[in-house]
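Student: Next up is a structure, given as structure tokens.
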Amino acid sequence: MTATSSKILCVVGARPNFMKIAPIMAALRQTPGLDARLVHTGQHYDVEMNQRFFEQLSIPNPDIDLEVGSASHAVQTAEIMKRFEPVVDAEQPAAVLVVGDVNSTIACALVAAKKGIKVVHVEAGLRSFDRAMPEEINRVLTDQISDLLFTTEREALTNLIREGVDPTRVQFVGNVMIDTLRSCLPRAVSPKQTLATAPDPAVFLNNPNGYGILTLHRPSNVDDPIILERLLNVLGEISADLPLAFPIHPRTRAMIDKAGLSTRLDSPRFCCLPPQGYLEMLGLMQGARLALTDSGGVQEETTALGVPCLTLRENTERPVTVTEGTNTIVGADPKRIRQAAQEVLASGGKAGRIPEYWDGRAAERIAGKLAKWL
Ligand code: UD1
């Protein structure tokens with residue numbers, strides 16, 4: 001199949017994709033000669049995980065919705081592929097643009113590559129070197145079949161060259177997620193408003209240490225009840241000094257309930273929240289003394305905001321958040337987590353600096369380079 005237009009099918013599926021696609025769609029639609037269409041796979045579908053982000057980030061309504069929903073990795077990936085193939089056949093795009101590392105990313109990249117359609121990967125070259133993470137498999141495979149790879153940090157190029165990717169295909173453009181953060185900061189919802197739903201809001205608002213923001217959703221942290229219980233115990237200890245706002249991912253909520261651990265959060269030192277909108281989350285992060293997280297996006301966002309972050313994983317695919325930013329990797333060991341949190345409370349934590357090209361203009365660079373390339 002030969003591409004005859006500069007139509008670009010941009011793919012989103014899951015929550016972390018939405019912050020990335022918002023500035024890309026805006027930039028592509030402003031660039032003469034590019035015709036950007038949005039395909040939503042439907043990997044995330046709850047209002048809280050999906051619709052609210054489209055509204056807050058002014059993402060255009062998807063031109064095509066595949067409505068795949070949740071399933072095992074194999075079934076979800078296969079279903080996306082099955083439903084995306086006829087779309088590619090009908091639309092005949094010049095390129096398919098995918099972002100990040102979720103199942104929708106690899107599924108659509110694979111369909112396009114097999115049809116000889118150019119694949120563009122935004123956020124290429126990040127590596128945790130941990131193949132137990134489904135996202136790591138998605139990253140490695142997507143990069144192997146991509147024709148144009150846009151990176152967020154310089155280290156990514158080293159990873160790609162090691163894996164045999166032709167460096168002339170790689171362009172360092174910066175971080176589109178930070179484009180979104182910078183443009184939304186003036187509209188961030190005050191944490192006072194969000195924390196008003198805490199069992200006792202004064203615990204959060206009048207605490208001399210401030211409050212912490214907690215997110216947890218990685219299978220490695222939440223799927224094993226023993227690990228989950230250990231984490232909730234140490235987080236309970238930390239909450240004695242630093243009350244914790246905890247927006248709970250649906251997967252984590254289900255695991256906590258299944259393991260009979262919901263009473264661990266039954267304390268005025270926790271503010272358990274449903275998944276938050278982007279503007280609410282931004283306000284909560286900006287106002288926090290400390291973030292505790294296993295999310296990739298939160299590691300980057302706290303670096304951009306200058307808020308100390310403890311990553312509850314053994315590794316990160318975003319090393320610049322550690323070498324230049326505010327991030328510290330502490331794993332899932334309670335002792336290490338407790339110690340690191342105490343250090344932040346005592347010393348204020350890492351100050352960090354903003355990494356190169358995390359300047360709010362990454363999508364503009366992508367649009368410029370794509371227009372020349374196609
Ligand atoms: C996915 C991504 C992960 C990303 C995360 C952010 C993959 C492999 N993983 O993980 O990289 O960090 O999104 O959220 O693509 N669910 C709902 N409502 C929804 C979506 C999911 O209730 O709108 C529940 C379902 O029970 C589902 C579970 O959450 O089975 C997990 O969803 P899934 O999309 O499989 O993976 P995430 O854990 O969200």
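The values are calculated or read from the model by the stated rules, or taken from the named source; none is laboratory data. Everything numeric in this text was worked out from a predicted model, so none of it was measured. All Cβ positions, even for glycine, are placed from backbone atoms using ideal geometry, and neighbour counts span all protein chains on display.
Student: Consider Arg182 carefully, then state whether it is outside the structural domain of Gln276 (by TED's automatic domain parsing), among the basic types (Lys, Arg), part of a helix (DSSP H, G or I) and more than 16 Å from the ligand (Cβ to nearest atom).
Tutor: Spelling it out, Arg182 is indeed outside the structural domain of Gln276 (by TED's automatic domain parsing), among the basic types (Lys, Arg), part of a helix (DSSP H, G or I) and more than 16 Å from the ligand (Cβ to nearest atom).
Student: While we're looking at this one, here's another question. Somewhere in segment 151-167, is a residue closer than 22 Å to Leu126 by Cβ and within 16 Å of the ligand (Cβ to nearest atom)?
Tutor: Within segment 151-167, one or more residues are closer than 22 Å to Leu126 by Cβ and within 16 Å of the ligand (Cβ to nearest atom).
Student: Return the pairs, sorted by first residue and then second, in which the second residue is of a type in the set (Phe, Trp, Tyr), the first residue lies in segment 212-226 and is assigned by TED's automatic domain parsing to the domain that holds Leu292, the beta carbons are less than 6 Å apart, and the residues are 6+ apart or on different chains.
Tutor: Leu214/Phe246
Student: Considering segment 311-357 alone, what residues qualify as being under 26 Å from Glu123 (Cβ atoms) and assigned to a helix (DSSP H, G or I)?
Tutor: If the condition is that a residue be under 26 Å from Glu123 (Cβ atoms) and assigned to a helix (DSSP H, G or I), then Val320, Thr321, Val322, Thr323 are the ones that fit.
Student: Name every residue in segment 216-256 that is surrounded by fewer than 18 Cβ atoms within 10 Å (Cβ to Cβ) and hydrophobic (A, V, I, L, M, F, W, C), in order of residue number.
Tutor: Ile226, Ile227, Ala240, Ala254
Student: Is it true that some residue in segment 121-131 is away from the ligand (no atom under 16 Å from the Cβ), among the small types (Gly, Ala, Ser) and part of a helix (DSSP H, G or I)?
Tutor: Among the residues of segment 121-131, not one is away from the ligand (no atom under 16 Å from the Cβ), among the small types (Gly, Ala, Ser) and part of a helix (DSSP H, G or I), which makes the answer no.
Student: Continuing with this model, one more query. Which numbered condition in (1) in contact with a helix residue (DSSP H, G or I) (Cβ under 7 Å, 6 or more places away or on another chain); (2) within 16 Å of the ligand (Cβ to nearest atom); (3) not aliphatic (A, V, I, L, M) is the only one that Pro60 fails?
Tutor: So Pro60 meets the others, but not (2).
Student: Also: Please specify each residue of segment 23-47 satisfying the condition of being within 16 Å of the ligand (Cβ to nearest atom) and either among the aliphatic types (A, V, I, L, M) or surrounded by fewer than 24 Cβ atoms within 10 Å (Cβ to Cβ) (or both).
Tutor: Residues satisfying the conditions are Val39, Gly42, Tyr45, Asp46, Val47.
Student: Provide a single number: the residues in segment 286-300 that are closer than 13 Å to Ile178 by Cβ and in contact with a helix residue (DSSP H, G or I) (Cβ under 6 Å, 6 or more places away or on another chain).
Tutor: 3
Student: Given the structure, is Ala341 small (Gly, Ala, Ser) and surrounded by fewer than 22 Cβ atoms within 10 Å (Cβ to Cβ)?
Tutor: No.
Student: Report those helices (runs of 4 or more DSSP H) wholly inside segment 10-97 carrying at least 1 residues which are farther than 28 Å from Arg251 by Cβ and in contact (Cβ under 8 Å) with a residue 60 or more places away in the chain.
Tutor: The helices (runs of 4 or more DSSP H) meeting that bar are 15-29, 73-91.
Student: If I filter segment 298-316 for residues that are surrounded by 19 or more Cβ atoms within 10 Å (Cβ to Cβ), farther than 21 Å from Arg336 by Cβ and within 16 Å of the ligand (Cβ to nearest atom), do I get at least one hit?
Tutor: yes
Student: In the set Val88, Val119, Val111, which member is β-branched (Val, Ile, Thr), over 26 Å from Thr323 (Cα atoms), surrounded by 16 or more Cβ atoms within 10 Å (Cβ to Cβ) and touching a Phe, Trp or Tyr at 6+ places or on another chain (Cβ under 6 Å)?
Tutor: Val111
Student: Follow-up. Please pick out the residue among Arg15, Arg83 that is of a type in the set (Lys, Arg), within 16 Å of the ligand (Cβ to nearest atom) and either within 23 Å of Pro247 (Cα to Cα) or within 16 Å of the chain's Cα centre (by Cα) (or both).
Tutor: Result: Arg15 is the single residue among Arg15, Arg83 that is of a type in the set (Lys, Arg), within 16 Å of the ligand (Cβ to nearest atom) and either within 23 Å of Pro247 (Cα to Cα) or within 16 Å of the chain's Cα centre (by Cα) (or both).
Student: Then there's this: Pull out all pairs, ordered by first then second residue, where Cβ-Cβ is under 7 Å, the residues are six or more apart or on different chains, the first lies in segment 285-312 and is at positive phi, and the second is away from the ligand (no atom under 16 Å from the Cβ).
Tutor: Gly306/Thr326; Gly306/Ala351; Gly306/Gly352
Student: Filter segment 232-250 down to the residues that are among the hydrophobic types (A, V, I, L, M, F, W, C) and within 16 Å of the ligand (Cβ to nearest atom), then identify the one that is farthest from the chain's Cα centre (by Cα).
Tutor: If we take residues in segment 232-250 being among the hydrophobic types (A, V, I, L, M, F, W, C) and within 16 Å of the ligand (Cβ to nearest atom), then Phe246 is farthest from the chain's Cα centre (by Cα).
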